[in-house]
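Working notes for the structure below.
The values are calculated or read from the model by the stated rules, or taken from the named source; none is laboratory data. Model, not experiment: these values are computed from the prediction. Glycine also receives a Cβ, built like all others from the backbone with ideal geometry; neighbour counts cover every protein chain displayed. To get the accessible areas, we keep the full protein, side chains included, count just its heavy atoms, and leave off ligands, DNA and RNA. Shrake-Rupley method; radii C 1.70, N 1.55, O 1.52, S 1.80 Å.
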Amino acid sequence: MTRTTIKKTYKLYIGGQFPRTESGRYYPLLDKKKNVIADICLASRKDFRNAVVAARSAFGGWSSRFAFNRSQILYRIAEMMEGRKAQFLEELLVQGSSKVNAEKEITLSIDRLVYYAGWCDKYQQISSSVNPVASSHFNFSVPEPTGVVAIVAPQNSSLIGIISVVAPVIAGGNVCIVLASEKFPLCAITFAEVLATSDLPGGVVNILTGKISELLTHMSSHMDVNALVYAGKDQKEITLAKENASLNVKRVFVYDDVWEKGTAQSPHFILDVQEIKTTWHPIENVGAAGAKY
Amino acid sequence: MNTKTTTEKKKPKLDFDSGWNYSPSPESTGHIRLEKRYDHFINGQFVKPAGGKYFPSINPATEKVIAEVAYGDERDIDKAVKAARNAYEKVWKKMPGAERGKYLYRIARIMQERARELAVIESMDGGKTIRESRDVDTPLAAAHFFYYAGWADKLEYAFPNRKISPVGVAGQIIPWNFPLLMAAWKIAPALACGNCVVLKPAETTPLTAMKLAEIIRDAGLPPGVVNIVNGDGKAGAALVNHKDVDKIAFTGSTDVGKIIQRAIAGTKKKATLELGGKAANIIFEDAAIDQAVEGIINGIFFNQGHVCCAGSRLFVQESVAEVVIRKLKDRMSTLIVGDPLDKNTDIGAINSKEQLGKINEYLKIGVDEGAEMWQSKCSIPSNGFFCRPTIFLNVSQSHRIVQEEIFGPVLAIQTFRTIDEVIEKANNTPFGLSAGVWTDKGSKIFNLTSKLRAGVVWANTYNKFDPTSPFGGYKESGFGREGGLHGLQPYLNLK
């Protein structure tokens, strides 16, 4: 007798937990032959707000970790993914990817995490400055994370898209709520399982599945979200997001990269969601003291 | 907070008011050159407004008209943008950086030569004290041109591993609190990066921008590289909405900033916004108290408090609150409010009648909300727009005078006990432009400065600026940085 396989329930990922959507709604994910692959949670405004609360409370802890520690955790995420390649492969195949492309996408995703793991304790050095002010002050500028970032993941990609937009945000000490691709949501939830087992504190990354058309308004208008990353090119959505962002002067970044390219990674994605903080402090006036040494 | 005078011990104190007075020491206006009427500066020439209308720029200290200024509308803006685009395509973007830099150096030098004239006009037009326009605004404005001049041929060192190109035509809208400095702050980096600009000065303070236009003309800058259109919000809106503008740089209120962000939402325009603030100035018990008091004074009363990064919320550690407030009141009693052109004056005129009205409204709100108001008893001129230096005691986080930007010489004072408490309170505002910390302990400074959500933090000092130092806000204080290497980025496309 053949064994009946266990089908996976795909849920949301909020605050390190895997709740079902508060709304109880779902949408069926179909394969090419119109078979139902899974019932995917249709996240609601309430889910998004819960995720913002989880993210905000995780921000202090995550942003104040040593960069070296963040680096290790990102590398750990890559390790966990390496161990789950088979699961990602299966999901990519069932969503219609070819085996060759799927394998490429998985290894590229893992390598991209390793790439950003390496940046965690380096981007500060390349974007900081000591400013030679014309007064008796020591003056320096350093990048600091912007805060809570809402992310609309690329819609045409299941895995490399979400990794490419989430990794630089958290590498820089931010926390995020990411809306997975509506068409290809499976890997996003499996990625959440990876995160949950990778020492990443709960709430740093929150993953929702659902519709941009339902959630973009809330993502862009929430007053406790500091920045919005939108990966895509729908002009109406971009306009809507930017208009709403003006409610609390959110920073908005629109990315339209081809994430499958090896070059679609850069420290500048980290720096986009950083604020530059400048600190001034008086020094004793060496000039006036005389150069007698 | 116990601040009743009955609990304070009677201590002898210096009396600056009745024993002797400063003799007036007014700066002469004799050698400055002011026209009766100023037009727009478009394509290297002074041109009349399309609508033929002019509006007066008045001296807020005397309420007298200093000059008339062209009232711009969308036709003038369109003409200026066309001139900028033409200069950009035909001349400026093709010019080697080293040559562009030379023009900026020239402008810096002429500004230094004409520093006194610029300072006097700045004080007459805006109401700020000659002490500040002479020692802060004018030299800093020239320094900005000098600093960015040197970047023009070194841009590839600022952004390693990226290809840089100018953005194109930048529309720049500046406020009335630092008219000349803001013009320099905006124009210098834009030009260094190879952009051409259309600048819209504030309607109450257009005159030093027009003097800058003369300087730009005298420096031989190619026509159209810098265009200045005068006017009010209508001209500003026309600039923001103009289809051929590639970037908006705005300094002003958060309310207007939000409107601009929304207006350009569907477009390719880049933007930097330098908006309002409600800065926390935090005094710990181990601070050098006398210096801290001086820092509080500088933090809130510099430029009559017309500073977006003014230290308008004071947090004093409870154990030293009484002594700090007593010394603060004493120090405030010595401040001279009056003629901006008098070299003895500490606090000049409020920039406009409207602004004075707004400040007075907030004074009323503060009192109505139950806060305890204290003002210095100094005399103020009967003409012009003046406001006595003011503090509010017994306020809490929810008071409007604690949450909203007043943009005047009004300080709200709260106390705190622990570091966690003061961080919580300091960050409890939608703004995030600046903050101040006063303590003798280095480790405490760095603990605090890293936790304050603000773009600029002054430790044991306040209201310091420099062209090499990036400036800009977190949260609703805007985005983007001006000054320093970081200030180049908003004026470049990076690939």
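Run through the stretch B:148-222 and list the trypsin sites (Lys or Arg not before Pro) located in a DSSP loop whose Cβ has at most 12 other Cβ atoms within 10 Å. Walk me through the intermediate numbers first.
On the way: sites: B:K154, B:R162, B:K163, B:K186, B:K211, B:R217; in loops: B:K154, B:R162, B:K163.
Qualifying residues, ordered by number: B:K163.
Would you work out what percent of the accessible area of the stretch B:73-134, with all protein chains in place, is carbon or sulfur (probe 1.4 Å)?
Ligands and nucleic acids excluded, carbon and sulfur give 50 percent.
Could you please report the charge total around B:I58, scoring K, R as +1 and D, E as -1 over all other residues with beta-carbon less than 13 angstrom from its beta-carbon?
That sum, taken over residues with Cβ under 13 Å, equals -3.
Would you mind getting me the FRET efficiency between A:F18 and A:E284? Use the beta-carbon distance for r and R0 = 60 Å, nearest 0.05.
Computed FRET efficiency for A:F18 and A:E284 comes out at 0.55.
Summarise the accessible area of the stretch B:415-495 (1.4 Å probe, protein heavy atoms) by the percent that is carbon and sulfur.
51 percent
Could you tell me the calculated FRET efficiency between A:N156 and A:K46, based on Cβ-Cβ distance and R0 = 25 angstrom, to the nearest 0.05?
Values: r = 28 Å, r/R0 = 1.12.
Calculated value: 0.35.
Not counting ligands, DNA or RNA, and with a 1.4 Å probe, what is A:H281's accessible surface area in Å² rounded to the nearest 10?
60 Å²
May I ask for the net charge around B:P189, where only other residues with Cβ less than 12 Å from the Cβ of B:P189 are counted and Lys, Arg are +1 while Asp, Glu are -1? Display every interim value, and only then the final one.
Working: positive: B:R100, B:K186, B:K247, B:R481; negative: B:E482.
Counting the neighbours of B:P189, the net charge comes to +3.
Chains A and B: how much accessible area gets covered up at their contact, both sides added, probe 1.4 Å, in Å² to the nearest hundred?
Values: alone 14340 and 20340 Å², together 31680 Å².
Accessible area lost upon association: around 3000 Å².
Using a 10 Å cut-off around each Cβ of peptide A:249-257, what is the average number of partner chain Cβ atoms that fall inside?
That works out to 3 on average.
Per 0.36 nm of contour for each residue apart, how much would the distance between B:Q375 and B:S333 grow if the chain were fully extended, relative to their Cα-Cα spacing?
Full-extension gain reported as 14.3 nm.
At 1.4 Å probe size, put B:V240, A:V258, B:V47 in order of accessible surface, largest to smallest. Before the final figure, lay out each step's value.
Working: B:V240 5, A:V258 80, B:V47 30 Å².
These residues rank, largest area first, as A:V258, B:V47, B:V240.
Rounded to whole Å, give me the distance from the Cα center of the stretch A:191-270 to that of the stretch B:403-474.
30 Å
Of all trypsin sites (Lys or Arg not before Pro) in the stretch B:365-425, which ones are in loop regions per DSSP and have a Cβ with at most 15 other Cβ atoms within 10 Å?
Values: sites: B:K377, B:R400, B:R417, B:K425; in loops: B:K377, B:R417.
Here the sparse-neighbourhood loop sites are B:K377, B:R417.
Quick one: accessible surface of B:T204, probe radius 1.4 Å, all protein chains present, in square angstrom to the nearest 10.
Answer for B:T204: close to 40 Å² accessible.
Work out which residues of the stretch B:450-473 lose at minimum 40 square angstrom of accessible surface when the other protein chains are put back, relative to the chain isolated, with a 1.4 angstrom probe, and list them by number.
SASA drop of 40 Å² or more in the stretch B:450-473: B:R453, B:V457, B:K464, B:D466, B:T468, B:S469, B:P470.
Can you work out ³J(HN,Hα) from phi for every residue in the stretch A:22-31, in order, using Karplus 6.51 cos²θ - 1.76 cosθ + 1.60 and θ = phi - 60°, giving whole Hz and x for Gly and Pro?
Computed from phi, the couplings for the stretch A:22-31 are 4, 7, x, 9, 8, 10, x, 9, 10, 8 Hz.
Taking every residue in A:86-93, how many Cβ atoms of other protein chains lie within 10 Å of its Cβ, on average? Present the calculation step by step, with values, prior to reporting the outcome.
On the way: counts 0, 0, 0, 0, 0, 0, 0, 0.
Rounded to a whole number, the mean comes out at 0.
Compute the distance from the alpha-carbon center of the stretch B:160-197 to that of the stretch B:280-326, in whole Å.
Result: 33 Å between the Cα centres.
To check you understand DSSP bridge types, tell me what percent of the beta bridges within the protein assembly as shown (both residues inside) are antiparallel, rounded to 5.
Antiparallel bridges: around 40 percent, rounded to the nearest 5.
Around A:S158, what is the net charge, scoring Lys/Arg as +1 and Asp/Glu as -1 over all other residues with Cβ under 10 Å from its Cβ?
In short, -1.
Set the Förster distance to 41 Å, then compute FRET efficiency between A:F66 and A:Y27 from the Cβ-Cβ distance, nearest 0.05.
0.50
Which sequence of B:S396, B:S382 reflects their accessible areas, 1.4 Å probe, from the largest down?
On the way: B:S396 50, B:S382 120 Å².
The residues order as B:S382, B:S396, largest area first.
Probe of 1.4 angstrom, ligands and nucleic acids ignored: what's the accessible area per residue over chain B, in square angstrom?
38 Å²
Residues of A:236-244, mean number of Cβ from any other protein chain within 10 Å of their own Cβ, rounded to a whole number?
That works out to 3 on average.
Taking the Cα centre of the protein assembly as shown as the origin, how large is its charge dipole in debye, to the nearest 20, when only Lys and Arg (+1) and Asp and Glu (-1) carry charge on their Cβ atoms?
1460 debye
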